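A.B. asks: Could you have a look at this structure, given as structure tokens, before my questions?
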Amino acid sequence: QVQLVGSGGGLVQAGGSLRLSCAASGRIFSINAMGWYRQAPGKQRELVATITSRGSTNYADSLKGRFTISRDNAKNTVYLQMNSLKLEDTAVYYCYAESSYVYWGQGTQVTVSS
């Protein structure tokens, strides 16, 4: 089992920044990749960013250049730095970890206001 605790969401004005964190515990050695999805009201969940155990990263095309995923192996934590936030970035952001199974964090609300 892998447990994920996400944090760092909140309310920010358009153009501002937020950093999300996702701390993993449990069978962390089994994790191949971690990252975030997000789900806006009335929309399907979509991939935001992924980072593999080797450090390779992948982003949704629309977010490249504004969002950066990174990790701190010593803390078993992955971070998502979100800059130049837009109204359409408003969503619940879900941290996930992929091993032989996909584990999900509890979700954290990000609200971007005008």
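The values are calculated or read from the model by the stated rules, or taken from the named source; none is laboratory data. Note that the structure is a prediction, hence the values are computed from the model and not measured. Here the Cβ positions follow ideal geometry from the backbone for every residue, glycine too, while neighbour counts run over all protein chains shown. Protein only, heavy atoms only, side chains kept; ligands, DNA and RNA dropped before computing areas. Shrake-Rupley method; radii C 1.70, N 1.55, O 1.52, S 1.80 Å.
A.B. asks: Could you please let me know if THR111 is in contact (Cβ under 8 Å) with a residue 60 or more places away in the chain, farther than 15 Å from VAL5 by Cα, open to solvent by 20 Å² or more (accessible area, probe 1.4 Å) and in a strand (DSSP E or B)?
C.D. replies: Values: in contact (Cβ under 8 Å) with a residue 60 or more places away in the chain: yes; farther than 15 Å from VAL5 by Cα: yes; open to solvent by 20 Å² or more (accessible area, probe 1.4 Å): yes; in a strand (DSSP E or B): yes.
Yes, satisfied.
A.B. asks: If you go through region 1-16, how many residues are farther than 12 Å from SER113 by Cα and either assigned to a loop (DSSP other than H, G, I, E, B) or open to solvent by 60 Å² or more (accessible area, probe 1.4 Å) (or both)? Working first, answer last.
C.D. replies: The initial filter retains those residues of region 1-16 that are farther than 12 Å from SER113 by Cα, namely 1-9.
Restricting the remaining residues to those that are either assigned to a loop (DSSP other than H, G, I, E, B) or open to solvent by 60 Å² or more (accessible area, probe 1.4 Å) (or both) gives 1, 3, 5, 8-9.
Of the residues in region 1-16, 5 are farther than 12 Å from SER113 by Cα and either assigned to a loop (DSSP other than H, G, I, E, B) or open to solvent by 60 Å² or more (accessible area, probe 1.4 Å) (or both).
A.B. asks: On to the next question. Taking region 26-70 only, how many residues are within 26 Å of GLY16 (Cα to Cα), part of a strand (DSSP E or B) and at pLDDT 95 or above?
C.D. replies: The qualifying residues number 19.
A.B. asks: Now for a separate question. Can you tell me which residue is modelled with the highest pLDDT among those in region 94-109 that are more than 21 Å from ARG54 (Cα to Cα) and of a type in the set (Gly, Ala, Ser)? Spell out the reasoning first.
C.D. replies: Keep residues of region 94-109 that are more than 21 Å from ARG54 (Cα to Cα), which gives 94, 105-109.
With of a type in the set (Gly, Ala, Ser) added as a condition, the list becomes 105, 107.
Details: GLY105: 95, GLY107: 92.
The qualifying residue modelled with the highest pLDDT is GLY105.
A.B. asks: Related question: With the requirement that a residue be open to solvent by 50 Å² or more (accessible area, probe 1.4 Å) and either of a type in the set (Asp, Glu) or under 13 Å from the mean Cα position of the chain (by Cα) (or both), what does region 48-69 give you?
C.D. replies: Taking region 48-69 as the starting set, the residues that turn out to be open to solvent by 50 Å² or more (accessible area, probe 1.4 Å) are 53-54, 56-58, 61-62, 64-65, 68.
The answer is THR57, ASN58, ASP61, THR68.
A.B. asks: Separate question: Please give the number of the condition ASN73 fails out of (1) touching a residue at least 40 places away in the same chain (Cβ under 8 Å); (2) exposed (fewer than 13 other Cβ atoms within 10 Å of the Cβ); (3) farther than 15 Å from SER17 by Cβ.
C.D. replies: Unmet for ASN73, out of (1) touching a residue at least 40 places away in the same chain (Cβ under 8 Å); (2) exposed (fewer than 13 other Cβ atoms within 10 Å of the Cβ); (3) farther than 15 Å from SER17 by Cβ: (1).
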